[in-house]
Amino acid sequence: MSTPLDNAVRKMHDECNSYTDTVMALRAIAHELRWDSKAKAPKLGTEVSFGRRMQTTDGNRVSKSREVTPDLVIQLDNRSGVIAEAKTALSSIAERRRSRLLEIQKYDDNLKGWLTPTETVESHSIVLLVHLHRDQEVAQQITELTTEGAFKMDRSFAVVSFAVITQGKTYFTLSLAHGSLLDREKEARLRRRTPIDMEHLAGNPEFATLKLYDAPPPVPLLMDLIQQCIASRLTPEQRDTFKDIGYVDVPVRVEVLTRWMAEDYGPRCRQGARAPEIPPRSWVHDAMDRFVELGWAKEPDSKAYGLFVYTYKRRVKPFEKFLKHCAQIQLELEQKKVAAESWESLPLFAHLKDQ
Amino acid sequence: MLHRFLAPDLVRIYLQTKLYAKSFAGISRRMNRGSLRVMEYVSKGLIDDSDAKRGVQTSIVHTDMAQAELFEVLSAQRKWLSSCVVVTRGGEPMSGRIMRDCTFTCDRNIAGFFGSIVQEVAKTALVAKDFYDGRSSTTSGTGLVRPLRITYARRVFEDTREAPRLIKVLDDWRESAMSLFNASPYVHAGLLDYSDGSTYDLWVASSDSVLIVPKTVATADSISSLCDHICNRFEEGEVLEA
């Protein structure tokens, strides 16, 4: 029989898989939209940027003159491109989805930040990526929001769903659930549901190391990347110590670790000043706090904020340990929340709350 | 006494059956007189019994066969080689054992055995080393990783028991840790080799291959060891460019 902790671990594992699938979906749509099926290679001159920082105009309906960070920017040529945003953790309740769907209208603007001399393009399509299990609800809701006048797109807008299917081979499929694209040929392909070989996506050298995008990953996933990142950056002396005594204490500053993580797992492309800060320092700091709770790292001096000493030693099934630890914390938080709500519903007994 | 072909500070390379065959064929061609014969070999193969808990069995065969015949036998039996004892017959007498991990022992004429046999095998092993070099994002020279693939002649993973067996095998890989993200319907795991900080993503997303994607650091020693571990403990396949 499953315990509440088992269920929490399973839920957290699902969240990790959902995050990984979303990154794969972004890689898949980037691959598909720039793929030249005649040449069987990416179209020459196309550029892909994950999480590029763009600027909206005064006329933006949602976010005037602000910096926005679409999950994916595909520059097809000097005149056109595609902006894609992944929304995977969408609620099953329409009202809760509403604001997240309306938000995507901020990309329906003459955005600045494209890889052209003027940093603008004549036209671009906007793609909303959702998981297959939500695509019909989202498509229906977009239609309703459009009818009521709350949702309006002047540019081509498409809802594209993704899913993983296995039939001998594992494929990542993309399919058009609503709307249209500027590129009619690609639109037609997506209408037919496009299967992309998972191995091809996973092994594509251009995107193979991309693990993080603009949304925070579940902490166990980030912890796993951090332990790998630290392992890859040991000095020869640290490695010798590890070989001699079986462990080595590695002092690491969060800002340095954040830079390593960005280099190893963040979006890597020619982005210059428009490069996104992925991961931000706060994600890494939070994950390091979890390592401290687990006893894998220490904060040697509370005044030296952001300095940790990570103990590098052989660990068995690290990801499972991260999952269990984070699920335990999540469970405790939820239990406290439920308890607090119970007290609120019993005002006559409120004086007993702290006893 | 056990000897290693390659200096200890060099990369450890493992001989796949194909490399043994290539080396021995080269040695036979270069022999002026006599022939190279196999007197004993240790091979591994799959256990074809659904009740078996172990996936792989080891056999030791004492024989006397021409080197080329050994590879025909192994191929027909779908087995792979762990080590073999070879002798020369009809020419300069020498004998010794060549192990899969590029170590050897010699019981007759070490100078001749080293010069004529070991060095020839080492040449082939060093070519294999080049294949494993420069695959991580920091060593490829382009900033991009160079994934590789272990391909099988049959659809190994159509049998649903095989992916869990591979996961178990990966769990036993030297000083390493495996993070299993997904076990079904496809396999996605992260591997960290503590001995030198090499890291990988491993995918099984088709029925006949294992994809290995090196990350920031992946030394030739580590990749070679990982591929050999899979080939020797799970099933020997062909290691190819992905």
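Does A:T209 satisfy being more than 9 Å from chain B (Cβ to nearest Cβ), β-branched (V, I, T) and either part of a helix (DSSP H, G or I) or farther than 11 Å from A:P279 by Cα (or both)?
Numbers: more than 9 Å from chain B (Cβ to nearest Cβ): no; β-branched (V, I, T): yes; either part of a helix (DSSP H, G or I) or farther than 11 Å from A:P279 by Cα (or both): yes.
Spelling it out, it is not the case that A:T209 is more than 9 Å from chain B (Cβ to nearest Cβ), β-branched (V, I, T) and either part of a helix (DSSP H, G or I) or farther than 11 Å from A:P279 by Cα (or both).
Looking at region A:160-171 only, could you name the residues that are within 9 Å of chain B (Cβ to nearest Cβ) and under 23 Å from A:R134 (Cβ atoms)?
Let us first name the residues in region A:160-171 that are within 9 Å of chain B (Cβ to nearest Cβ), namely A:164-166, A:168-171.
Hits for region A:160-171 are A:V164, A:I165, A:T166, A:T170, A:Y171.
Would you confirm, using the coordinates I've provided, whether A:S175 is surrounded by fewer than 17 Cβ atoms within 10 Å (Cβ to Cβ) and modelled with pLDDT of 95 or more? Don't jump to the end; show me each part of the working.
Numbers: surrounded by fewer than 17 Cβ atoms within 10 Å (Cβ to Cβ): no; modelled with pLDDT of 95 or more: yes.
Considered against the rule, which asks whether it is surrounded by fewer than 17 Cβ atoms within 10 Å (Cβ to Cβ) and modelled with pLDDT of 95 or more, A:S175 comes out as no.
Identify, by number, the condition in (1) without any contact (Cβ under 8 Å) to a residue 40 or more places away in the chain; (2) within 30 Å of A:H200 (Cα to Cα) that A:M1 doesn't meet.
Against the list (1) without any contact (Cβ under 8 Å) to a residue 40 or more places away in the chain; (2) within 30 Å of A:H200 (Cα to Cα), A:M1 comes up short only on (2).
Pick from region A:301-316 the residues that are in contact with a strand residue (DSSP E or B) (Cβ under 7 Å, 6 or more places away or on another chain) and free of Cβ contacts under 8 Å to residues at least 24 places away in the same chain: which of them is nearest to the other protein chains (Cβ to nearest Cβ)?
Only one residue fits best here, namely A:V316.
Considering only region A:147-158, I want to know if a residue exists there that is under 23 Å from the mean Cα position of the chain (by Cα) and either of a type outside the set (D, E, K, R) or closer than 29 Å to A:T46 by Cβ (or both). Spell out the reasoning first.
The first filter runs over region A:147-158 and keeps only residues under 23 Å from the mean Cα position of the chain (by Cα), leaving A:157-158.
Filter once more, keeping what is either of a type outside the set (D, E, K, R) or closer than 29 Å to A:T46 by Cβ (or both): A:157-158.
Yes, there is a match, as at least one residue in region A:147-158 is under 23 Å from the mean Cα position of the chain (by Cα) and either of a type outside the set (D, E, K, R) or closer than 29 Å to A:T46 by Cβ (or both).
One line per residue, one yes/no per condition, for (1) more than 14 Å from chain B (Cβ to nearest Cβ); (2) under 26 Å from B:L180 (Cα atoms):
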| site | (1), (2) |
| --- | --- |
| A:C229 | no, yes |
| A:F242 | no, yes |
| A:A273 | yes, no |
| A:M288 | yes, yes |
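Identify the residue in region A:228-259 that is part of a helix (DSSP H, G or I) and among the acidic types (D, E) and, among all such residues, is nearest to the chain's Cα centre (by Cα). Even if it seems obvious, please write down each step before you answer.
Kept after step one, since they are part of a helix (DSSP H, G or I), are these residues of region A:228-259: A:228-232, A:236-245, A:254-259.
Those still in the list that are among the acidic types (D, E) too: A:237, A:240, A:244, A:255.
Working: A:E237: 35, A:D240: 36, A:D244: 39, A:E255: 20 Å.
This residue is A:E255.
Take region B:217-237 and flag every residue that is closer than 12 Å to B:Y14 by Cβ and outside any helix (DSSP H, G or I).
B:E236
Write out, first by first residue and then by second, each pair whose Cβ atoms fall under 6 Å of each other, whose residues are 6+ apart or on separate chains, and whose first residue, in region B:188-202, is within 18 Å of A:H200 (Cα to Cα) while the second is among the polar types (S, T, N, Q) and part of a strand (DSSP E or B).
B:H188/B:N182; B:G190/B:S179
Considering only residues that are over 29 Å from A:M261 (Cβ atoms) and of a type in the set (G, A, S), which ones fall in region B:98-151?
Within region B:98-151, B:A111, B:G112, B:G115, B:S116, B:A122, B:A125, B:A128 qualify.
All but one of (1) within 14 Å of another protein chain (Cβ to nearest Cβ); (2) modelled with pLDDT of 90 or more hold for B:R174; state the number of the condition that does not hold.
(2)
Name the single residue, out of those in region A:155-172 being touching a residue at least 12 places away in the same chain (Cβ under 8 Å) and not in a strand (DSSP E or B), that is surrounded by the fewest Cβ atoms within 10 Å (Cβ to Cβ).
Our first condition is that a residue be touching a residue at least 12 places away in the same chain (Cβ under 8 Å); within region A:155-172, this holds for A:155-165, A:169-172.
Among the residues that remain, those that are also not in a strand (DSSP E or B) are: A:155-156.
On the way: A:R155: 14, A:S156: 20.
Within region A:155-172, the match that is surrounded by the fewest Cβ atoms within 10 Å (Cβ to Cβ) is A:R155.
Mind listing just one residue for me: the one in region A:289-308 that is in contact with a helix residue (DSSP H, G or I) (Cβ under 8 Å, 6 or more places away or on another chain) and over 15 Å from A:V250 (Cβ atoms) and, of those, surrounded by the fewest Cβ atoms within 10 Å (Cβ to Cβ)?
A:E293
Out of all the residues in region A:178-198, is one or more crowded, with 22+ Cβ neighbours inside 10 Å and within 12 Å of another protein chain (Cβ to nearest Cβ)?
Checked against the condition, which is being crowded, with 22+ Cβ neighbours inside 10 Å and within 12 Å of another protein chain (Cβ to nearest Cβ), region A:178-198 yields at least one hit.
Restricting to region A:212-227, and then to whatever is facing chain B (nearest Cβ under 9 Å) and among the aliphatic types (A, V, I, L, M), can you tell me which residue is nearest to the chain's Cα centre (by Cα)?
Among those that are facing chain B (nearest Cβ under 9 Å) and among the aliphatic types (A, V, I, L, M), it is A:L221.
Residues being in contact with an Asp or Glu (Cβ under 9 Å, 6 or more places away or on another chain) and at pLDDT 90 or above: count how many of those fall in region A:65-77.
Of region A:65-77, the ones in contact with an Asp or Glu (Cβ under 9 Å, 6 or more places away or on another chain) are A:65, A:68-76.
Now drop any that are not at pLDDT 90 or above, which leaves A:68-76.
Residues flagged as in contact with an Asp or Glu (Cβ under 9 Å, 6 or more places away or on another chain) and at pLDDT 90 or above within region A:65-77 amount to 9.
Within region B:142-169, which residues are closer than 15 Å to B:S209 by Cβ, within 13 Å of another protein chain (Cβ to nearest Cβ) and not in a loop (DSSP other than H, G, I, E, B)?
B:L148, B:R149, B:I150, B:T151, B:V156, B:F157, B:E158, B:A163, listed by residue number.
Would it be correct to say that B:G134 is assigned to a loop (DSSP other than H, G, I, E, B), touching a helix residue (DSSP H, G or I) at 6+ places or on another chain (Cβ under 9 Å), more than 21 Å from A:D224 (Cβ to Cβ) and within 13 Å of chain A (Cβ to nearest Cβ)?
Judged against the criteria, B:G134 is a match.
So that you can scan it fast, the table gives a plain yes or no per residue for (1) surrounded by 18 or more Cβ atoms within 10 Å (Cβ to Cβ); (2) aromatic (F, W, Y); (3) over 15 Å from A:W283 (Cα atoms):
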{"site": "A:L221", "(1), (2), (3)": "yes, no, no"}
{"site": "A:I226", "(1), (2), (3)": "yes, no, no"}
{"site": "A:E237", "(1), (2), (3)": "no, no, yes"}
{"site": "A:R253", "(1), (2), (3)": "no, no, no"}
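The values are calculated or read from the model by the stated rules, or taken from the named source; none is laboratory data. These figures come from a predicted structure and were not determined experimentally. Note that we place each Cβ from the backbone using ideal geometry, even for glycine, and neighbour counts take in every protein chain shown.
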